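All remarks here apply to the structure that follows.
The values are calculated or read from the model by the stated rules, or taken from the named source; none is laboratory data. Just so it is clear, the structure is predicted and the values come from calculations on it, not from any experiment. With ideal geometry, Cβ positions are generated from the backbone for all residues, glycine too; neighbour counts draw on all protein chains shown.
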Protein chains: 2
Amino acid sequence: MTAPVYLDCDTGIDDALALAYLLASPLASVVGIGTVSGNVSAAVGARNTLDLLSLAGAASVPVAVGAHDPLVGSFGGGSPWVHGENGVGEVMLAPSAASVAAESAAEMLVRLARTYPGTLRAVAIGPLTNIAEALRLEPALPSLVESVTVMGGAALAPGNITPVAEANIWHDPEAAALVLAADWDVTLVPLDVTMASVLEEAHRQVLLASSAPVPRALGEMLGYYFRFYEGIYGRPCSAMHDPLAAALAVGAVKPALAPVVRAAVDTSEGPGRGQTVCDMRGLYAGYPPVSGARCRVVLSLEEEFAPHLVEALLSHFEGTTAELAGAAAI
Amino acid sequence: MTAPVYLDCDTGIDDALALAYLLASPLASVVGIGTVSGNVSAAVGARNTLDLLSLAGAASVPVAVGAHDPLVGSFGGGSPWVHGENGVGEVMLAPSAASVAAESAAEMLVRLARTYPGTLRAVAIGPLTNIAEALRLEPALPSLVESVTVMGGAALAPGNITPVAEANIWHDPEAAALVLAADWDVTLVPLDVTMASVLEEAHRQVLLASSAPVPRALGEMLGYYFRFYEGIYGRPCSAMHDPLAAALAVGAVKPALAPVVRAAVDTSEGPGRGQTVCDMRGLYAGYPPVSGARCRVVLSLEEEFAPHLVEALLSHFEGTTAELAGAAAI
């Protein structure tokens with residue numbers, strides 16, 4: 001079963017991993033990609049996405065530039081200290097010849113939802129501005145898509161940009177509030193599980209040693225990412241936020257604990273701004289069902305994620321490279 | 001080493017346990033008690049406290065009525081569904097002949113801090129209105145007291161009155177914000193550790209079987225408390241919020257993990273109102289020291305608390321009862 005996937009991203013090192021993972025997955029067919037300002041601007045994110053697609057031999061996947069600014073306020077310039085000035089850890093990717101689509105990211109999502117009614121999986125791994133705009137463009141969107149999976153928030157874990165806010169939500173809390181309040185079931189992949197899904201230096205060395213250019217490029221980007229995360233974990237490694245959301249969205253990875261709870265987003269100007277206020281009070285009784293709850297919060301996984309990620313990337317891209325090399329030799 | 005203790009409470013079933021524990025502890029000498037509206041009104045809390053002191057043979061401990069209303073807004077009526085209409089689980093205590101003090105709770109705290117400079121331990125197990133008022137009355141209070149221990153808040157655990165707010169903080173967030181911002185080191189005993197410190201039905205049966213009236217009365221009150229907590233834990237038992245704060249304050253119980261972090265209180269009108277916004281982002285590196293941090297957040301204990309609590313109560317009060325019985329027989 002190959003599911004059509006719309007990916008909304010702000011590429012970004014872990015976005016690059018998520019994109020490569022989705023291209024590699026036999027469970028996913030990436031039918032469109034929208035970008036949003038977050039780790040980098042929507043425009044730079046689109047450029048990085050096009051270049052990665054080209055490197056991966058998937059230049060035909062359409063890329064739409066989405067919102068530059070959040071619903072309220074304006075884009076703050078991204079996080080070069082995490083992702084590098086160019087968003088991909090200062091790795092220089094060969095420029096793709098492809099151009100961005102004429103439609104906006106929100107328009108693309110609505111179009112794809114109508115093209116693949118009931119089967120499209122929306123995977124949002126950046127701020128939720130485009131998803132909120134798509135909900136405005138097409139109020140029936142919730143009944144058109146198969147699922148919405150969001151990398152974002154923190155349920156019981158600390159935040160990563162404030163003590164309680166995770167970056168994707170914090171960059172556009174108003175959009176996130178609309179997305180969590182819409183008439184659909186949302187799967188939230190928060191820091192609780194992504195910070196526990198760690199790619200280690202040994203994994204990175206495997207990617208760097210690959211015969212294929214995509215794993216090698218990802219391994220190089222991760223060198224930059226690791227330097228940031230060394231300040232958090234105390235060793236060279238990194239969380240796997242975005243690729244984990246992608247893997248959960250296509251069902252390649254199963255949650256071990258993922259209660260369905262009520263969730264809201266703090267859009268106040270207080271110290272909780274950008275927090276995903278998830279009602280986790282069922283914790284002590286094993287999270288009994290809650291009437292009216294719509295947000296599935298992934299807290300833990302059945303299996304470790306990083307080994308699966310590395311294996312999926314190598315298995316696909318080394319196969320692809322072998323074919324390409326074979327073709328070139330003819 | 002017996003430390004002078006000022007107890008600020010809203011008695012309350014677990015307040016009753018904390019009071020009895022402090023009276024029982026060889027490490028504490030309770031030199032004054034102030035009450036505040038929380039579980040019950042400040043006036044009812046004072047009445048319950050006087051009656052408990054009388055039952056415990058400690059009627060000479062002065063009790064001052066504190067703030068009826070929080071700094072902003074007004075008292076909401078308490079939580080009879082948790083503590084009973086009378087605050088002590090509908091247990092009828094014999095009325096004490098003693099009266100409340102002429103001073104307010106805040107005045108008492110300031111007076112005691114001057115009487116025991118550098119040694120007074122303030123233990124706050126209700127909303128922080130009185131402590132905030134004492135800080136206004138005596139700005140030098142932080143340099144006069146030995147320590148401030150607060151039962152309140154939630155660092156990484158869910159809240160208990162909203163998804164993110166714990167009741168003591170939620171009932172007066174503005175006061176809590178002043179207390180956490182003052183120029184002293186505060187120990188926060190949050191739901192993270194109190195919800196993990198559970199008194200079971202077997203412990204309660206030991207109290208009920210005691211030859212002494214105080215443990216028996218506490219065992220009866222706990223029957224009421226257990227009925228509320230059965231909805232949370234799925235079995236008859238209860239968290240030990242207030243007595244744990246008391247035991248930590250006098251050093252009878254040691255924390256296993258208690259990072260010192262920056263902490264603020266959400267006083268916005270958003271969904272985070274009343275949250276103790278503790279910066280727990282050091283989690284992944286074992287909480288390295290944070291410059292300027294003042295709030296010690298107790299997350300776990302070296303030993304289980306409930307057995308110590310039960311043993312301390314029986315050891316003291318059965319001894320007392322035996323003496324009293326002997327005296328009465330003469």
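Observations
- Residue-level check: of (1) touching a Leu at 6+ places or on another chain (Cβ under 7 Å); (2) surrounded by 24 or more Cβ atoms within 10 Å (Cβ to Cβ), A:PRO127 misses just (1).
- Looking only at residues in region A:239-264 that are within 11 Å of another protein chain (Cβ to nearest Cβ) and in a strand (DSSP E or B), the one that is farthest from A:VAL290 (Cα to Cα) is A:ALA239.
- Taken over region A:277-306, the criterion of being within 12 Å of chain B (Cβ to nearest Cβ) and within 19 Å of A:SER147 (Cα to Cα) is satisfied by A:ALA293, A:CYS295, A:VAL297.
- The listed residue being among the hydrophobic types (A, V, I, L, M, F, W, C) and either buried (at least 24 other Cβ atoms within 10 Å of the Cβ) or within 12 Å of chain B (Cβ to nearest Cβ) (or both), out of A:ALA154, A:ALA202: A:ALA154
- Index of the failed condition, A:ALA196 passing every other in (1) under 25 Å from A:TRP81 (Cα atoms); (2) surrounded by 18 or more Cβ atoms within 10 Å (Cβ to Cβ): (2)
- Filter pass, B:ALA217 being more than 23 Å from B:THR49 (Cα to Cα), crowded, with 18+ Cβ neighbours inside 10 Å and at pLDDT 95 or above: no
- Some residue of region B:191-199 being under 16 Å from B:ASP266 (Cβ atoms), touching a strand residue (DSSP E or B) at 6+ places or on another chain (Cβ under 6 Å) and within 12 Å of chain A (Cβ to nearest Cβ): no
- Of all the residues in region B:291-309, those that are at pLDDT 95 or above and on the phi > 0 side of the Ramachandran plot number 0.
- Index of the failed condition, B:THR267 passing every other in (1) away from chain A (no Cβ under 14 Å); (2) β-branched (Val, Ile, Thr); (3) touching a Lys or Arg at 6+ places or on another chain (Cβ under 9 Å): (1)
- Residue count for region B:157-193, restricted to those that are surrounded by fewer than 23 Cβ atoms within 10 Å (Cβ to Cβ), under 17 Å from the mean Cα position of the chain (by Cα) and among the charged types (D, E, K, R): 0.
- Qualifying positions in region A:229-238 - over 15 Å from A:ILE161 (Cβ atoms) and at the interface with another protein chain (Cβ under 7 Å from one of its Cβ atoms): A:TYR233, A:GLY234
- Filter result for A:ASP14 (at pLDDT 95 or above, part of a helix (DSSP H, G or I) and surrounded by 22 or more Cβ atoms within 10 Å (Cβ to Cβ)): yes
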